[in-house]
Amino acid sequence: MEQLLQQSTSLSTVMMFAAGAVVLLLIVLGFVTYAIYFERKVIGWMQLRVGPNRVGPLGLLQTVADVAKLLLKEDTRPKHADKALFALAPVLAYAPAFAVLAVIPFTDTLHFADLGVGILYYIALSGITVLGVITAGWASNNKYSLIGGLRSAAQMISYEVPLVMSVVGIILMTGSLNLKEIVYAQQDVWNIVPQFLGFIVFIIAAQAELNRTPFDLPEAESELVAGYHVEYSGFRFAMFMLAEYVYMFGMGALVTILFLGGWLPIHPALDFIPPVVWFILKFSLYVFFQFWLRATMPRLRADQLMSFAWKGLLPLALVNIMLTAIFISYQSGMM
Amino acid sequence: MQMRTEPTALSTTISPDTGIRTEEMLLNVGPQHPSTHGVFRLIVKIDGETITEANPVIGYLHRGTEKLAEDLNYTQIIPYTDRLDYVSAMTNNYVLCHAVETMMGLEIPERAEFLRLIAMELNRIASHLVWWGTYLLDIGAMSPFLYAFRDREMILDLFNELCGARMTFNYMRIGGVKWDAPPGWIDKVKEFVQYMKKQLPSYHNLVTGNEIFINRLKGIGKFDAQTALDYSLSGVMLRCTGIRWDLRKDEPYCIYDRFDFDVPVATEGDCMARYLLRMAEIEQSLRILEQALEQFPSEGEIMGKVPRVIRPPVGETFVRIEAPRGEIGVYIASQGKDKPWRLKFRRPSFNNLQILPELLKGENIANMVAILGSIDIVLGEVDA
């Protein structure tokens, strides 16, 4: 990929890039398919059930069947919905979810764009999704989806702040916004150790960004039925679900890179295991953590959620920045 | 007070600072909504996410049980009571039989009384477990529901062995019970009681201490003792305000006066108090069960001496007992025939639900679910 980027644009390089993107899309779709399967299985085990086990061996084709059902379904739209916006919303939600993956370095060599401001790119693009959500809530012309959409907007915007703030500590330590640089800086010790406070804030804020338990208010089933996508069915609904799980993929990759040392082994002696395996291991750990939380936690209330972001997480993130700054200036002999 | 289902007009306000016009919104919750626990409809007027007015609409499950009963023999009414509060059918069975027995002055054999008491207390535990699971589902936690239903399943299996049904038992008869306990059944119940005693602490560990859970319930849906009395609330809805009133203690029926148990009471009057009370009641039910199973007579009749055709004497009577949801009562007016001239149920869910509009005023939508859930209604009983 590195050389490709340097070469002059020709038909072959463009084709190569397109092929690369398709491969990544397939990997992501494969991940989503089996993340959903795995989620249902794990939660099933935690809840004394067996989970999907009918379609295919061990139920492995369950998600495939579900997606096929969604795709074959009639595409319904409420009569008084805003046609154009209703159609646009799922795309608006999904496109940035996939686009953020462009900057994720899976290993030293396996990555697409190597942006100098990788982390900023990720955060900026992922902020667009909230537009899709709020558009969906508005365009559906349904009161439940409107409330769901507004809740989502408030939640995603509020939690983006502590999310970004919690990463500042790492950026201070690394001196770079480039995701590869951040991984290289963790050769000796992973960021989770010196940046533990930041890690906690990040994990919680990420949970809210992903709209997952205990912050799954936008889709609070028991209150809002399904939140912003209450009127969506078939393929458009699949797009929203896909966006959600692709974000989980992205967030898992980001946590791995920022805090868990990316593709680096846990100890140099274990170097013989390929870096991509290390990446997948750490990434899976995070994804499992997500499912675990979902089986454990009740849901917060909207106002509690807001005050938790602004009065709880944000000050913590700021304290983290302070401590990191003091530590760095002490280390470099400025104090 | 005038009955009203249509909400008052929506108000609009124009903010003096920004000039933005805001309008209240009508939100139709139910009759098909995941958190209304059946076909209950609630028309709420909301200002943002704050409820300014709530109008419950009931009757979607109305089957006219009371009217139907006028054309049925007393024994034939029993299966209809199963379908009132279908989560706790044993207590409903009992209250009808108890009313007729009171009118006729029937003697109930010892063994039958024990079987009735054991069935009712097991059903109370099953009912509270269903409440516990579904309430946490409302709050957003999924797993407790499945844990609760696993344990409830054991109770249902026990009932299945006892009377062949899992929910609509039709177990009790005027003068006794229909079926004797099968061999070994009492030991199975003993095992279950021991098992349940071990499970309860782990449920408290899983849920009760959870910070999010506590924040969702503490101080929510609060009312005081006077309000509770004004609305004629009963059961946990009454005891959460500090009034110690449990018919099992205060007007003992069946053989409750023989056992040693406490009536848990809280003074906070909020959702958390109601949650803790229901959990404590499971413990007390287990205590009663333990004693009852020890004293269970090894043999005896299960049906008393009952005339072939049941004709209560002319007159009327009202009896009430403590069901899991509160006081369930039956009023029977008899003209000496084999069918009641008039029969009326006092359904605790119906009475307890009346306070909902007052509790919801000024609350957040998310609290709406927590408050409605904490009342613990069963629509079969609300609509009768």
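The values are calculated or read from the model by the stated rules, or taken from the named source; none is laboratory data. Keep in mind the model is a prediction, meaning the values are calculated, not measured. In this analysis, Cβ positions are derived from the backbone assuming ideal geometry, glycine residues included, and neighbour counts consider all displayed protein chains. Heads up: the accessible areas ignore ligands, DNA and RNA and are worked out on the full protein's heavy atoms, side chains in. Shrake-Rupley method; radii C 1.70, N 1.55, O 1.52, S 1.80 Å.
For the stretch B:12-57, the per residue solvent-accessible surface stands at 49 Å², with DNA, RNA and ligands left out and a 1.4 Å probe. Note that chain B shows a convex hull volume over its alpha carbon atoms of 143 Å³ per residue. Across the stretch B:22-32, computed HN-Hα scalar couplings (Karplus, 6.51 cos²θ - 1.76 cosθ + 1.60, θ = phi - 60°) run 10, 9, 6, 10, 8, 10, 9, 9, x, x, 10 Hz from first to last residue, x flagging Gly and Pro.
Taking the stretch B:64-107 and a reference point 7 angstrom along Cα→Cβ of B:Asp338, the backbone N atoms nearer than 14 Å belong to B:71-77. Taking a Cβ cut-off of under 13 Å around B:Met196, the surrounding Lys, Arg, Asp and Glu residues balance to a net charge of +1, with basic ones at +1 and acidic ones at -1.
Taking amide H atoms as placed 1.01 Å from N in the peptide plane, the amide H of B:Arg41 lies under 5 Å from those of B:Val57, each 5 or more residues away in sequence or on another chain.
Seen from B:Leu158, the other residues with C-beta closer than 13 Å to its C-beta sum to a net charge of -3, counting Lys and Arg as +1 and Asp and Glu as -1. Between B:Gln194 and A:His267, the modelled labels are 4.6 nm apart [label points 7 Å from Cα along Cα→Cβ]. For the protein assembly as shown, the equivalent ellipsoid derived from the Cα gyration tensor has semi-axes of 57, 28, 24 Å, listed largest first.
At R0 = 30 Å, how high is the FRET efficiency between A:Val22 and A:Trp310 if r is their beta carbon distance? Nearest 0.05 is fine. In this case the efficiency is close to 0.10.
Restricting to Cα pairs below 8 Å that are 6+ residues apart, what does the relative contact order work out to for the stretch B:12-57? Please round to a whole percent. Let's see the in-between values first.
Values: 75 pairs, mean separation 12.6, N = 46.
Result for the stretch B:12-57 is 27 percent.
Quick one: grab the alpha carbon gyration tensor of the stretch B:276-384, order the square roots of its eigenvalues as a ≥ b ≥ c, and give me rounded if a/c is under 1.5, else prolate or oblate depending on whether a/b is larger than b/c. Oblate, since a/c reaches 1.5 and b/c is not below a/b.
Atom-type composition of the exposed protein surface of the protein assembly as shown places 62 percent of the accessible area on carbon and sulfur (1.4 angstrom probe). Considering only B:Thr91, B:Thr208, B:Thr12, the Gaussian network model of chain B with Cα springs below 10 Å gives its largest mean-square fluctuation to B:Thr12. For the options A:Leu101, A:Leu264, A:Leu281, a Gaussian network treatment of chain A with springs between C-alpha atoms closer than 10 Å singles out A:Leu281 as fluctuating the most. Loop-located trypsin sites (Lys or Arg not before Pro) across the stretch B:61-119 with a Cβ neighbour count of 15 or fewer within 10 Å are B:Arg63, with loop assigned by DSSP.
Quick one: compute the contact order of the stretch A:178-322, relative version, from alpha carbon pairs under 8 angstrom and 6+ residues apart, as a percent. Once normalised by length, the contact order is 35 percent. Overall, the anisotropy analysis places the stretch B:218-292 in the oblate class: the square-rooted eigenvalues a ≥ b ≥ c of its C-alpha gyration tensor yield a/c not less than 1.5, with a/b not exceeding b/c. Among the listed pairs B:Lys249/B:Lys339; A:Lys69/A:Lys143; B:Lys305/B:Lys337, those with a Cα-Cα distance over 25 Å are B:Lys249/B:Lys339; A:Lys69/A:Lys143.
With Cα atoms as the point set, the stretch B:205-256 shows a radius of gyration and Dmax of 14.8, 41 Å.
If I take R0 = 35 Å and measure r between the Cβ atoms of B:Arg258 and B:Asn28 in this structure, what FRET efficiency does the formula 1/(1 + (r/R0)^6) give, to the nearest 0.05?
According to the calculation, E is roughly 0.10.
Please give me the summed charge of the neighbours of B:Asn210: other residues whose Cβ is under 15 Å from its Cβ, Lys and Arg +1, Asp and Glu -1.
+3
Considering only B:Leu286, B:Leu68, B:Leu356, the mean-square fluctuation computed in a Gaussian network model of chain B, springs between alpha carbons under 10 angstrom, is largest for B:Leu68.
Summed over both chains, the area buried between B and A is near 2500 Å², taken from the accessible surface of protein heavy atoms with a 1.4 Å probe. With each pseudo-label sitting 7 Å past Cα toward Cβ, what's the B:Trp185-B:Glu70 distance in nm, one decimal? Computed distance between label sites B:Trp185 and B:Glu70 equals 3.6 nm. Give the shape of the stretch B:71-139 as rounded, prolate or oblate, defined through the alpha-carbon gyration tensor: a ≥ b ≥ c are the square roots of its eigenvalues, a/c under 1.5 means rounded, and otherwise the shape is prolate if a/b is larger than b/c and oblate if not. Here the stretch B:71-139 falls in the oblate category.
At an R0 of 51 angstrom, the distance between the Cβ atoms of A:Gln331 and A:Leu60 translates into a FRET efficiency of 0.50. Just tell me the longest site-free run in chain A, where the sites are trypsin sites (Lys or Arg not before Pro) in a DSSP loop having at most 16 other beta-carbon atoms within 10 Å. My reading of the result: A:80-335 is the longest stretch.
Note on the protein assembly as shown: dipole from Cβ charges, positive end direction compared against A:Ser140, B:Ala266, B:Met368; the farthest Cα belongs to A:Ser140. Relative to the longest principal Cα axis of chain A, at what angle does helix A:129-139 sit, 0 to 90 degrees, rounded to 10? That helix lies at roughly 20 degrees to the long axis.
In this Cβ point-charge picture (+1 for Lys and Arg, -1 for Asp and Glu), the protein assembly as shown has a dipole of about 1040 debye about its Cα centre. If only the Cβ of Lys and Arg carry +1 and only the Cβ of Asp and Glu carry -1, the dipole of the stretch B:65-383 around its Cα centre is close to 440 debye.
For the stretch B:65-383, the relative contact order comes to 27 percent (Cα pairs under 8 Å, sequence separation of at least 6).
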